[in-house]
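What follows is a short report on a single structure.
Every number in this text was worked out from the coordinates using simple rules, so none of it is lab data. Since the structure is predicted, the reported quantities are computational estimates derived from the model, not experimental observations. Cβ atoms come from the backbone with ideal geometry, glycine included; neighbour counts cover every protein chain shown.
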Amino acid sequence: MPEIFTIVVLIALLSNVILRLWLSMRQTRFVAAHRNAPPAAFAERISLAAHQQAADYTQAKAKLERVSLCVETLLFVALTWGGALAALHGFWAPRLEGIGYGMALIASVLLLSSLIDLPLEIYRQFRLEARFGFNRMTPALFVTDKLKQLLVSCLLGLPLLAAVLWLMNVMGDYWWLYVWLVWMGFNLLVLFIYPLWIAPWFNQFTPLADGEVKTRVQALLQRGAFGNRKLFVMDSSRRSSHGNAYFTGFGKARRIVFFDTLINRLTPAQIEAVLAHELGHFHHHHIVRRIAGIFALSLAFLALLGQLLHAPWFFQSLGIGVENTGNTAIALVLFGLVIPLFAFLLTPLFSFLSRRDEFQADAYAARMASADELVTALVKLYEDNAATLTPDPLYSRFYDSHPPATERIRHLRSLVPSSPSAA
């Protein structure tokens, strides 16, 4: 049995690497082949220079992602069959025991992974993003952010990890159900505290100033029966020139946040249309469904881990001695390494469902605001964010959570006769 599962994991690993590299190369070639002219639907809106910059940016990101994939694969092999996880166990086991040992082992793996990824992250931020004019982050701010992220991870993650390890050891065969309940509670707690205490530690949030934007937004909220929500502008321009807007929190912590880059770039009518799209996700309960889906998958995964925890072949097949069968910390690490290999096959399904939600949100925006204004806003955002207008169709179907630009704008233009009107 250990040999069989080892072969299964090897096949899954190689299949993931080959498929991801093949899709990435397809994307690179397709974008390069269409670099010299924007799509006909965008010819009057997007300059050739902007289209070529988007193509170059897309290709540069794809190349870096391929390097990242190779590093990720080597780390997987090193931790499992390469003996790195066994070595970490051998280091911590004589020094600590119980929950302390488990926390030290898992924290060591996470720290090792972060350190290995750090050079790529630095390159991505200060070379790739800077090359295309998006980076505004200073090295000092980068280091400060990393230290803050580490502190937040310790304050929130370590207590959660301790609780999980304790439940796995004392709750018997159905520990996974108790862990799932704690996991759900933790995530809901983070949704509440993040906008109030965590996000302001990284960015400055100022109330949206009085004016046409605020008037339009408040009127839109009333038309959609969303009531009063706190409106904020975030100083995202400290780190990047990319623009966006998002909803966060629930209950009294609910708020709408606009990037200052978005406020500075779009007209009030365009901002209203973009926000209407985001409201569409709430109107159609997309957010709630996604959270419920994540919770359902996490329950299934934890139940599966409950079956593997005391299976010697699971540990042996991944380079861990049979004597460590039932070791909860090692089991968590191994499961966290292996499950993405098989879950990757669900990527096209999740992408399809997400794109369907985006079309629904666009239709809602066309009813509540203006399809024309949303089209104009999207074109500006595509240009500002150097998003390619010519992705490889297969790559897009596999990965993209949003419809390709041509499909999305064609859909919006078909809705123009019904826009604007109140729902």
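Just to be sure, is LEU120 over 20 Å from LEU161 (Cα atoms) and surrounded by 14 or more Cβ atoms within 10 Å (Cβ to Cβ)?
So LEU120 passes the test.
Checking ALA107 against (1) outside any helix (DSSP H, G or I); (2) under 27 Å from the mean Cα position of the chain (by Cα): exactly one of these is not met. Which one?
Here ALA107 meets the rest and fails (1).
Pick out, from region 206-314, the helices (runs of 4 or more DSSP H) lying fully within it that include 1 or more residues that are under 30 Å from LEU128 (Cβ atoms), among the hydroxyl-bearing types (Ser, Thr, Tyr) and in contact with a helix residue (DSSP H, G or I) (Cβ under 6 Å, 6 or more places away or on another chain).
The helices (runs of 4 or more DSSP H) meeting that bar are 260-265.
Select, from ASN203, ASN244, ASN228, the only residue that is without any contact (Cβ under 8 Å) to a residue 12 or more places away in the chain and of a type outside the set (Ser, Thr, Tyr).
Matching residue, one of ASN203, ASN244, ASN228: ASN228.
Out of (1) of a type in the set (Phe, Trp, Tyr); (2) within 19 Å of GLY306 (Cβ to Cβ); (3) surrounded by 15 or more Cβ atoms within 10 Å (Cβ to Cβ), what's the single condition that is false for PHE232?
PHE232 satisfies all of (1) of a type in the set (Phe, Trp, Tyr); (2) within 19 Å of GLY306 (Cβ to Cβ); (3) surrounded by 15 or more Cβ atoms within 10 Å (Cβ to Cβ) except (2).
Would you please name the residue that is nearest to GLY185 (Cα to Cα), looking only at residues in region 276-293 that are surrounded by 13 or more Cβ atoms within 10 Å (Cβ to Cβ) and among the hydrophobic types (A, V, I, L, M, F, W, C)?
Top of the filtered list is ILE291.
Do any residues in region 259-272 that are within 13 Å of LEU374 (Cβ to Cβ) have Cβ atoms under 6 Å from those of residues that are among the β-branched types (Val, Ile, Thr) and crowded, with 21+ Cβ neighbours inside 10 Å, where the two are at least six apart or on different chains, and which pairs are they?
Listed by first residue and then by second, the contacts come to ILE271/VAL213.
Listed here are the residues, each with its yes/no results for (1) farther than 27 Å from TRP22 by Cα; (2) without any contact (Cβ under 8 Å) to a residue 12 or more places away in the chain; (3) out of contact with any His (no Cβ under 8 Å at 6 or more places or on another chain); (4) assigned to a helix (DSSP H, G or I).
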| position | (1), (2), (3), (4) |
| --- | --- |
| ASP56 | no, no, yes, yes |
| GLU72 | no, yes, yes, yes |
| LEU88 | yes, no, yes, yes |
| ILE99 | yes, no, yes, yes |
| LEU112 | yes, no, yes, yes |
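Yes or no, residue by residue, for (1) aromatic (Phe, Trp, Tyr); (2) over 30 Å from LYS230 (Cβ atoms):
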residue: LEU165; (1), (2): no, yes
residue: MET168; (1), (2): no, yes
residue: ASP173; (1), (2): no, yes
residue: LEU177; (1), (2): no, yes
residue: VAL182; (1), (2): no, no
residue: PHE186; (1), (2): yes, no
residue: VAL190; (1), (2): no, no
residue: PRO195; (1), (2): no, no
